[in-house]
């Protein structure tokens, strides 16, 4: 594939498409590359071009797909050409409103390919304005090896012709002829039945003849088959946010923008054989090649006289002595020598030096590096060079799982960094190896099946319900992966039937065409490329709106070329560890280094494992999901190996096979541990006879069946990927090796069956051991320094509306007070103070990091703020903006000074205005120092002119509790000092079957019942004009959006009030990780007892006779209980008096009491609101039983 391919066009009646938009012209091109190639090959066309809009995203996929079918891949792009200079932002074109022209560019040879790369890259880096733009200067600079066609209606030439500027068109053609010569510049002709093309077609022919230029026929193809035109129209609607039925939307005219057969093209243009033949001539001129498998690994700078191999050996042996002692133990030395020899033979010393250098730099500037990730933990070389901090010999990790000498592929070491500082590491790599040698890697988002269904329904102007119903017919994801529609029909009977239903058929057919198309490009979360030479010599780049330099080729394509790909991952938990260490130092005066081997020791701290044994692992890395907490509680880990096993077992495969239960029960003596053969005990003893790790399979193969480690890794891979033909070969070798080792055939056959079964759940031990270290570190912090750890944890989720309330409630459970922000104590983020945690000031709505920084600076430099006036005097004037200050006041940030929220918010404005005036006066005084020494002092003038007495009195009134909480939630995003649900937990537990936080672990379409407070609501209207409600329901650990469609809203609207505590049953909708609930039943539970509300009996003044009071005592005595009774006496003028009756008259709140009071004293004596009120959509015949008072 790396060599040139001689592609000739023997059939002169054929045709080559030279203007083709693939799916990489995102939301505009709908030709999938394989389908395109199949169509071209089936028609016998000798080749095809790719000319996506302004990008080269698809070139590698296109090139490989064409060569696979013996087609000539013509590499190109329809570039955007600036109106004038690429450096200017100039409008032009036929209507004077165009930002750019279009131009069709093709690479004729390898020089042309490199120039195409440079044009595309420089268009992004130097000419980006709405689109990446080139200009004639750039085209001329990179003209060698290029073939250029004059372009579509959007080209410079055609835009001149459309405004009848023939001279301008002639000049444009002359310019291009001068740049490319008449041999490599062609006048492009196309006809899709558009009036403008009918006009320009003959004009272009005449100009070409006048200027001695050849013409070439193209078809501006955007989809492969003619019947795809409707799906392509839907794609355009997705791009523009419109519907098919919209009148003035962007659309193509007619269904002819497809990849026509050669016969169709010849039939359409019978009088233009020369222009059709030109496509074949151009194809013969184009033989640009993409080379793969190049050695582009950067060289590493070594000390004088040392090769990369020498320097790596030196570093490894120094590290080995530091870790294992000097002299290095013989077994360790053998392992070191073996690994170094393999690394040398495979040519990877530079790779290890580069990775070690990155880790060394990070640690030297205080950027935390993870202990390891993936299979790299199996390398003692990685351990001794401080790339990883997991001892592979101690943990019995296998080098060949990481680097197999029989598998010629680049090692893959992923590095975790503190996620706030990942960008610094990319900048360091760019500084170390050259800015033009380093880039991040592009990714492409595709339209998945559910999105395709919903998009298709919307653009086809079907009701929301049609798309929603179809999406809900999709089978559930398998291990988080959504089934494509082709598979979904086989799994879902409903979906299969819908495919034949006229209501749904068109939507599904359109969705099938849309599914899999590229939707947008982004940046890979981790991958970074480092090249031995400037990257633009091998691949194109782009620059994002945020300034990141990113490849235009995706990861696999970049690696196939031979570039070094490294994964720089930002791990939030490393940030938490660093923040917690800093908090401990600041709050306790104790220095803790969680990476210190002395502190970690054998990772067997009793306090840590005591906490883990309770299952209270919320917030502990990898152990904090509800299911994992249950597993931790069952397993009761007592050693580090148990943590590693937990991480391997808590995944769909082993959970589905109950391996986690077997492991836990054997560990705790509930089930006996047995081995089918004594030789398995050394391998499986650590995991109680259960095969948990891939490394155990490899060791069984080597120790019992005579495999080499390289062969054992091949076995591991074959089994893990279920490659049937490979597995059969491995099975023969496995059984033959076992028999040769003296084992019984039945035993070996059973062992093979076990290993095959293991494919469902085996995991990489190197990874779980490394991540287990982070789990242990976070658990150790939670056990020993809970306040500091929880402050760091809360900061890490400060912008996560789902996790922040969850961890806030965990603080409450742990007895840690979380207090509102305080201008005298808080920093930007959550801050520990003694045994409490303060909210950060930046958590207050409308208060940015800049304002917080100025508040903290003023406090540090001028001392604590005595009161609000002192605060205004000390802070910079920029802080004194009324919106930010009012929000700080309402959030309680000045309460520590003794100011109430209500009192201060009423008085703060004149104080602020006076402070601002004072600061202006002071500024004027400072400026006077530089004025002429004579005359009046401006400072005095200013002082006389400004009234510095604000005259405001700060009152002591305060909002009531409910209003204070409402404001607190409004300003901070959640309830902090109190919660409307406090005291109702036990009552609500009887009704609900899940919490809002646990909804994240539920499946799409699950029926659930939640309880919480309605914190916001928005009324909306259907197309028919029916009212429905979208609201947020919040419990103590999270919140969820709930939709009350008209049928439910009509019956329940009276209780759907803000701050109401409700129990809601409904159907869950999980889409792209977000959850939403559709309510079909609403209940207002009776919380009177839980909240300690009294029974209130109402008498008019004239009713209050001694007989009535005696009668009241008698009725109350008939219903003794714990609820207090109040008597409300209402006068004729409406005035009320409330009397609390004695404790001897407390009652049980029940319907019998209410009935007797009404019968004795009239219907107005008591408000009959005892018990729950339930409202259900009458159409909901099915649903989970309404669990009430524990029944159901």
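Quick note: the coordinates plus some simple rules give every number you see, no bench work behind them. Bear in mind that the values here come from a model prediction, so they are computed numbers and not experimental data. We place every Cβ from the backbone using ideal geometry, glycine too, and count neighbours over all the protein chains shown.
Taking every DSSP beta bridge with both residues inside the stretch 79-224, roughly what % is antiparallel (nearest 5)? Mind dumping the intermediate values first?
Details: 10 of 18 bridges.
Counting DSSP beta bridges with both partners in the stretch 79-224, the antiparallel share is about 55 percent.
Grab the DSSP H runs of the chain that are 4 residues or longer, score each as -39,500 (n - 2.57), total them, divide by all residues and round the 222 nm result to the nearest 500 deg cm²/dmol. Kindly include the intermediate steps, with their values, before the conclusion.
Values: 46 runs with 514 residues, N = 1192.
It lands at -13000 deg cm²/dmol.
Among 670-678, 1009-1017, 459-467, what's the highest-first ranking by average C-beta atoms within 10 angstrom per residue?
Numbers: 670-678: 12.0, 1009-1017: 21.7, 459-467: 17.1.
The peptides rank, most packed first, as 1009-1017, 459-467, 670-678.
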Footprinting exposure proxy for 959, 982 (fewest neighbouring C-beta atoms within 10 Å first): 982, 959
Folded to 0 to 90 degrees: helix 308-324 orientation relative to the chain principal axis, Cα: 30
Rounded to one decimal in nm, the spacing of the 7 Å Cα→Cβ label points at residue 813 and residue 326 is 5.1
Folded to 0 to 90 degrees: helix 273-285 orientation relative to the chain principal axis, Cα: 80
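In what sequence do 1055, 55 fall when counting other Cβ within 10 Å, fewest first?
Details: 1055 16, 55 23.
Ascending Cβ contact count within 10 Å gives the list 1055, 55.
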Between the helical axis of 765-784 and the dominant principal axis of the chain, each derived from Cα atoms, what acute angle in degrees is found, rounded to the nearest 10? 30
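With both bridge residues required to lie in the chain, what share of the DSSP beta bridges run antiparallel, to the nearest 5%? If you can, show how the numbers build up before the last one.
On the way: 76 of 115 bridges.
If we restrict to bridges inside the chain, about 65 percent are antiparallel.
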Length-normalised contact order of the chain, Cα under 8 Å, at least 6 apart, in percent, tallies to 7
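For 473, 698, 285, what ranking results if the residue with the fewest other Cβ atoms within 10 Å of its Cβ goes first?
Numbers: 473 21, 698 24, 285 15.
Going from least to most buried by this count: 285, 473, 698.
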Residue 268 to residue 1041: FRET efficiency via 1/(1 + (r/R0)^6), r the Cβ-Cβ distance, R0 35 Å, to the nearest 0.05? 0.05
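Which order do peptides 1101-1108, 1056-1063 fall in by mean Cβ count within 10 Å, highest first? Kindly include the intermediate steps, with their values, before the conclusion.
Details: 1101-1108: 11.5, 1056-1063: 18.0.
The densest-packed peptide leads the list: 1056-1063, 1101-1108.
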With both bridge residues required to lie in the stretch 979-1085, what share of the DSSP beta bridges run antiparallel, to the nearest 5%? 90
